[in-house]
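Notes to accompany the following structure.
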Amino acid sequence: MFKKFLSLLIVLVLCVTLCSCGYEYQNPELQCKYTRELAGTELNVYNWGEYISDGSEGCMDVNREFERLTGIKVNYTTFESNETMYSQLKNGGVSYDIIIPSDYMIGRLISEDMLEKIDMSRVSNYQYISDKYKGLYFDPAQEYSVPYNVGMVGIIYNSALIDEPQHSWGALWDEKYKNMSLNFNNPRDGFMTAQKLLGFSLNTTNEKEWDMACEKLKAGKSVLQSYVMDEIYGKLETGEAAIGPYYAGDYIVMKEVNEDLEFFYPQEGTNIFVDSVCIPSCVKNYDAALLYINFLLEPEIALANAEYIGYASPHTAVINNPDYHEYLGEEFYNILYPDMEALYPGDSALPENERKVEYYHDLPESVRMHYENLWLDLKLY
């Protein structure tokens, strides 16, 4: 009886504490049952910025819903790039139970024994993941990752500040946009803008091609206002900058703030990516991590995340939800779910450098070190 009273008291205190912060639970309808056997434990989640429905502007607070349901405290921190996340894991100073890296980084983490296998028998909601995103090149046996979001990179521009640019990566080098143009502040995406313009594969192992891409970036550096990651939100939304590359899902979020923002996929092609939920080898609460993954795959939770984040979802219950189609509208739905084969030929028979849409692959260490050194040189140039 005392245990029941104590449990009730804890729940009441938690509700009062959270409600005092202004968030009202939305009690989503769930497909699975969740116990409170792990109540009182903690879960350390490491994710991209602006990458989960957080309760702002009336949306669902996914982490708080999970805490209410399970009694597990979520410690949530964010990173700006795969490389930052990797360094944190490699240094071993902090332990995480959940991380959400991109495809090529997952391949690297697997090869370096930095991920735990996910017991899929305990993730029943995995049934909702589209077959299109299962068994991809970086995790062919689908043992280490669960797809979270899908996207492509394009260019966002402010139609009130500049005329419609040529639909090319070359727009980032155009002198007309001097001190108004942005580029990525991470090596894979930054080099991608030059590699596509030069007609190179994003996964080339030819160091001379990386050198040429670096020289191309140096040639355009005088046009740039700055290199950015999440800072692009403030710069484009306020008109501080007028044009820059970013992820299609983020464009949809920015458009809600500034209606003058427009978007296109460059004619030379672009990067496609799949970000997935993984459990790092430094995990301390494996059972809670499995619960969290299954919770993220609940149809209502996945829908809340898809609507908040703005990226394409690999979740069939989201993709097929008519309310989701209506929420996005035809324009945005076509941006997130384009006819890939029609827009960008993806025939595997084509030589790698002729494909227009490419995933990043984890590259040999020598190549990786080469482009990372080039990137440092570029930033100091």
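The values are calculated or read from the model by the stated rules, or taken from the named source; none is laboratory data. All values derive from a computational prediction rather than experimental measurement. Positions of Cβ are backbone-derived with ideal geometry, glycine not excepted, and every protein chain shown enters the neighbour counts.
Summary table below
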{"quantity": "Options GLY239, GLY244, GLY220, GLY310; residue that is within 16 Å of the chain's Cα centre (by Cα) and closer than 30 Å to ILE162 by Cβ", "calculated": "GLY310"}
{"quantity": "Number of positions in region 336-381 that are among the aliphatic types (A, V, I, L, M), assigned to a helix (DSSP H, G or I) and at pLDDT 85 or above", "calculated": "7"}
{"quantity": "Counted residues, region 171-197 - those being in a helix (DSSP H, G or I) and surrounded by 17 or more Cβ atoms within 10 Å (Cβ to Cβ)", "calculated": "15"}
{"quantity": "For ASN285: the one exception among (1) more than 24 Å from TYR157 (Cα to Cα); (2) not assigned by TED's automatic domain parsing to the domain that holds ASN91; (3) not basic (Lys, Arg)", "calculated": "(2)"}
{"quantity": "Cβ-Cβ under 9 Å pairs, at least 6 apart or on other chains, region 195-217 side closer than 19 Å to PRO245 by Cβ, far side basic (Lys, Arg) and assigned to a helix (DSSP H, G or I)", "calculated": "GLN195/LYS216; LEU197/LYS216; LEU198/LYS216; LEU202/ARG188; LEU202/LYS196"}
{"quantity": "Pairs where the first residue, in region 359-381, is under 26 Å from ASP139 (Cβ atoms) and assigned by TED's automatic domain parsing to the domain that holds TYR137 and the second is loosely packed, with under 13 Cβ neighbours inside 10 Å and among the charged types (D, E, K, R), C-beta under 9 Å, 6+ apart", "calculated": "none"}
{"quantity": "Unique residue being among the hydroxyl-bearing types (Ser, Thr, Tyr) and more than 18 Å from VAL150 (Cβ to Cβ) when the list is SER281, SER313, SER276", "calculated": "SER281"}
{"quantity": "Number of the exception - ALA304 against (1) over 14 Å from the mean Cα position of the chain (by Cα); (2) buried (at least 19 other Cβ atoms within 10 Å of the Cβ); (3) under 29 Å from GLY170 (Cβ atoms); (4) among the hydrophobic types (A, V, I, L, M, F, W, C)", "calculated": "(3)"}
{"quantity": "Test result for GLN142, outside any strand (DSSP E or B), at positive phi and polar (S, T, N, Q)", "calculated": "yes"}
{"quantity": "Condition met for ALA304 (in a helix (DSSP H, G or I), in contact (Cβ under 8 Å) with a residue 24 or more places away in the chain and over 21 Å from GLY55 (Cα atoms))", "calculated": "no"}
{"quantity": "PHE263 being part of a strand (DSSP E or B), within 24 Å of the chain's Cα centre (by Cα) and either under 19 Å from LYS356 (Cβ atoms) or of a type in the set (S, T, N, Q) (or both)", "calculated": "yes"}
{"quantity": "Selection status of ASP189, acidic (Asp, Glu) and in contact with a strand residue (DSSP E or B) (Cβ under 8 Å, 6 or more places away or on another chain)", "calculated": "yes"}
{"quantity": "Matching helices (runs of 4 or more DSSP H) fully within region 55-125 where at least 3 residues are out of contact with any Pro (no Cβ under 9 Å at 6 or more places or on another chain), at pLDDT 95 or above and at negative phi", "calculated": "62-70, 103-111"}
{"quantity": "Restricting region 73-94 to residues that are of a type in the set (D, E, K, R) and under 18 Å from SER281 (Cα atoms), the residue that is surrounded by the fewest Cβ atoms within 10 Å (Cβ to Cβ)", "calculated": "LYS90"}
{"quantity": "Which numbered condition TYR333 fails, given (1) outside any loop (DSSP other than H, G, I, E, B); (2) at pLDDT below 90; (3) surrounded by fewer than 13 Cβ atoms within 10 Å (Cβ to Cβ)", "calculated": "(3)"}
{"quantity": "Residue list for region 263-281, filter: surrounded by fewer than 19 Cβ atoms within 10 Å (Cβ to Cβ) and farther than 30 Å from GLN166 by Cβ", "calculated": "SER281"}
{"quantity": "Sole residue being touching a residue at least 60 places away in the same chain (Cβ under 8 Å), out of contact with any helix residue (DSSP H, G or I) (no Cβ under 7 Å at 6 or more places or on another chain) and either of a type in the set (Asp, Glu) or surrounded by fewer than 17 Cβ atoms within 10 Å (Cβ to Cβ) (or both), chosen from GLY49, GLY107, GLY58", "calculated": "GLY49"}
{"quantity": "Of residues in region 139-150 being more than 8 Å from SER276 (Cβ to Cβ) and within 16 Å of the chain's Cα centre (by Cα), the one surrounded by the fewest Cβ atoms within 10 Å (Cβ to Cβ)", "calculated": "VAL150"}
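Yes or no, residue by residue, for (1) buried (at least 18 other Cβ atoms within 10 Å of the Cβ); (2) under 14 Å from PHE184 (Cβ atoms); (3) modelled with pLDDT under 95:
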site: ASN206; (1), (2), (3): no, no, no
site: LYS218; (1), (2), (3): no, no, no
site: SER222; (1), (2), (3): no, no, no
site: ASP230; (1), (2), (3): no, yes, yes
site: ILE252; (1), (2), (3): yes, no, yes
site: LEU261; (1), (2), (3): yes, no, no
site: VAL283; (1), (2), (3): yes, no, no
